[in-house]
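Report on one structure; see the data block that follows.
The values are calculated or read from the model by the stated rules, or taken from the named source; none is laboratory data. Not measured: the values here are computed from a predicted model. Note that we place each Cβ from the backbone using ideal geometry, even for glycine, and neighbour counts take in every protein chain shown.
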Amino acid sequence: MLLELIHSPADVRALPAGQLPQLCQELREFLVQSVSETGGHLASNLGAVELTVAIHRVFDTKQDRLVFDVGHQCYVHKILTGRREQFSSLRQFQGLSGFPKPKESVHDAFIAGHASNSVSVALGMARARTLQNENYSVLALLGDGALTGGLAYEGLNNAGASGEPLIVILNDNGMSINRNVGAIPSHLAGLRSKPAYYHFKKWYRNLFGRQPMRNPLYRFNHGLKTWMKRTLWPGSTLFEDMGFTYLGPIDGHDLPRLCDMLDWAKDLRCPVLVHVNTVKGRGYPFAEQNPDKFHGISPFDPATGLLKKESGESFSSVFGKTLLDSAREDERVCAVTAAMADGTGLSEFAKALPNRFFDVGIAEGHGVSMSAGLAAQGMIPVFAVYSTFLQRAYDMLIHDVSLENLHVVLGVDRAGIVGPDGETHQGCFDALFLPSIPGFTVLCPASFAELRHMLRQALFAVRGPVAVRYPRGGEGIFREDTSGAPLVRLRDGKDVTLLSYGVTINAALEAAALLSREGIDTEVLKLNRIAPLDGDMLEGFFGKTDILLIIEDAYGAGCVGQRLGALLAERGETPVHLILKNLGETYPAEGSIPQLEHCFEVDAAGIVKAVREAAHEK
């Protein structure tokens, strides 16, 4: 295989041009086979094969800086930069990350798990290069809906005006995870219909040589050319009005043209935007026909495209069904998502009630602010969003929701440890920052039944802003519904108290059963509401045991355990041993949820170990 000879980008540059189509074919075959075994982001990477090969033909990413946006389109880049043999560990515990990771390779310029920041980061790198009098290229590779996020335009606006040599590659496949929405995708679709503009611009530049600005005739005619362009192709001026030289649109699967275009962009030494049209899922029929399904996919049979293990009911699907039922009962209820209709369980809602379903694209801040506007006018908006992406809307939660005490409901999906996507995607901050915002109620269901009831409480019983946070995947051993009270006792005991919330209660219950076999009588308390957290709700629950151990799959600073410990201290009920079991200050990397819970000792084994140590000290 030709691919087996590729160990670095230098090997890619050394290949004869005639062998590149074979390399691209082998890359696609390798991607399908590898991702079918590990799961991962497939469709976006299949669409970026030729583009990534072209980048490594023209640039040296050991020195040149390539900033991805979003990072899940980096698999081909990783293969070509010496990590092909590690792909069996993709997104596995202590394995290869599914996103760019500078700790992995010098070829990964910047971490990239969230969207729309690449131009801002790349501009910072370009300015550092200028200040340090160095000479290398800086590229920002946008894709999968990054232009639906407002930060991208802040970066473009500043970068275009800077004059810094910088190349922005727009990998335009018309998709994020779901199909892109809004005016910008429509604008880009219009540009796709005008390839003649590319030919005109290339012809015009070649007419005046490689350094046209030195030619007086070029400078004289530049104004005339600009007028002609605006007259004949008015739709192409968005990026140029920001200060970029616009190149494209071109076929992102035409490798010779891609290389030619990138060479040209490199020579221009100014802000350049290269507009590339690609097909998400290219070369694998199942992914081309269903790019949504094959965006992020579990292990599957490459021959049929079918999942090896069909997923059952999940917290996300229960959330979506319950919200749809509630919306059918009350016309004020509407759903908002940020390019995550499938992942947040809202696909059926979108089909059944399209007039009350709003996909804002990759724009979480806008989603929160729009929800505030809906609430201000009497609607009940429910913004379904992954915990890790909600972080980007923190200011809007305070300024637009909390200050007015508006009834905005957040469905915080993927809360807690999420698993194989690694540091950038773990939902371990929302339990810290949401309770810190005045007026917020934060509910934590541990079972499907509790999610159904708590969502209805959030919609119809709680006033002001409210968040319902729930994990990825399905239920554990706890299947009850205790949602009627903010704090409940699941198990009585006299030696030690375990307290938790959400699905981490499963580890507490399992640990209690193990401890009872050792003769340690263990009490288990379950928080259903982590905000507001007040002294009244604690009345009668503490003081029976000398050991209180609080388990959370959240970071330590500002965690529920710290807040609860402060409340108990105020009441004079601090136990002899207060033990906080959480993630501390370490970001969970790639791995399954059980593996990561074990690593941080927030599983049953870790709890039992901590109780034994505390009992020994006692």
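Numbers below:
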read-out: Residue, nearest to the chain's Cα centre (by Cα), within region 382-433, restricted to residues that are polar (S, T, N, Q) and closer than 11 Å to Pro465 by Cα; value: Ser402
read-out: Any hit, region 420-432, residues being without any contact (Cβ under 8 Å) to a residue 24 or more places away in the chain and out of contact with any Leu (no Cβ under 9 Å at 6 or more places or on another chain); value: no
read-out: Wholly enclosed helices (runs of 4 or more DSSP H) of region 1-56 bearing at least 3 residues aliphatic (A, V, I, L, M); value: 9-14, 20-38
read-out: Qualifying residue in region 191-203 (condition: modelled with pLDDT of 60 or more, loosely packed, with under 15 Cβ neighbours inside 10 Å and not assigned by TED's automatic domain parsing to the domain that holds Gly113); value: yes
read-out: Residue list for region 545-572, restricted to those being out of contact with any Gly (no Cβ under 8 Å at 6 or more places or on another chain) and either farther than 23 Å from Ala512 by Cα or in a loop (DSSP other than H, G, I, E, B) (or both); value: Asp546, Ala557, Gly558, Cys559, Arg563, Ala566, Ala569, Gly572
read-out: Count of residues meeting criterion [in contact (Cβ under 8 Å) with a residue 40 or more places away in the chain, of a type in the set (A, V, I, L, M, F, W, C) and over 23 Å from Ser317 (Cα atoms)] in region 357-378; value: 1
read-out: Single match in Val333, Val318, Val279 (criterion: under 18 Å from Asn45 (Cα atoms), touching a residue at least 24 places away in the same chain (Cβ under 8 Å) and more than 20 Å from the chain's Cα centre (by Cα)); value: Val279
read-out: Yes/no for Thr52 being polar (S, T, N, Q), under 17 Å from Gly143 (Cβ atoms), touching a residue at least 24 places away in the same chain (Cβ under 8 Å) and in contact with a His (Cβ under 9 Å, 6 or more places away or on another chain); value: yes
read-out: Count of residues meeting criterion [in contact with a Leu (Cβ under 9 Å, 6 or more places away or on another chain), of a type in the set (D, E, K, R) and surrounded by fewer than 17 Cβ atoms within 10 Å (Cβ to Cβ)] in region 342-368; value: 1
read-out: Residue, farthest from Leu443 (Cα to Cα), within region 530-571, restricted to residues that are surrounded by fewer than 22 Cβ atoms within 10 Å (Cβ to Cβ) and charged (D, E, K, R); value: Asp546
read-out: Test: residue in region 586-594 that is at negative phi, free of Cβ contacts under 8 Å to residues at least 40 places away in the same chain and in a helix (DSSP H, G or I); value: yes
read-out: Region 156-167: number of residues that are surrounded by fewer than 24 Cβ atoms within 10 Å (Cβ to Cβ) and in contact with a Ser or Thr (Cβ under 9 Å, 6 or more places away or on another chain); value: 3
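Okay, residues lined up against (1) at pLDDT 95 or above; (2) β-branched (Val, Ile, Thr); (3) in a helix (DSSP H, G or I); (4) out of contact with any helix residue (DSSP H, G or I) (no Cβ under 6 Å at 6 or more places or on another chain):
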position: His77; (1), (2), (3), (4): yes, no, yes, no
position: Pro102; (1), (2), (3), (4): yes, no, no, yes
position: His107; (1), (2), (3), (4): yes, no, no, no
position: Gly113; (1), (2), (3), (4): no, no, no, no
position: Arg129; (1), (2), (3), (4): yes, no, yes, yes
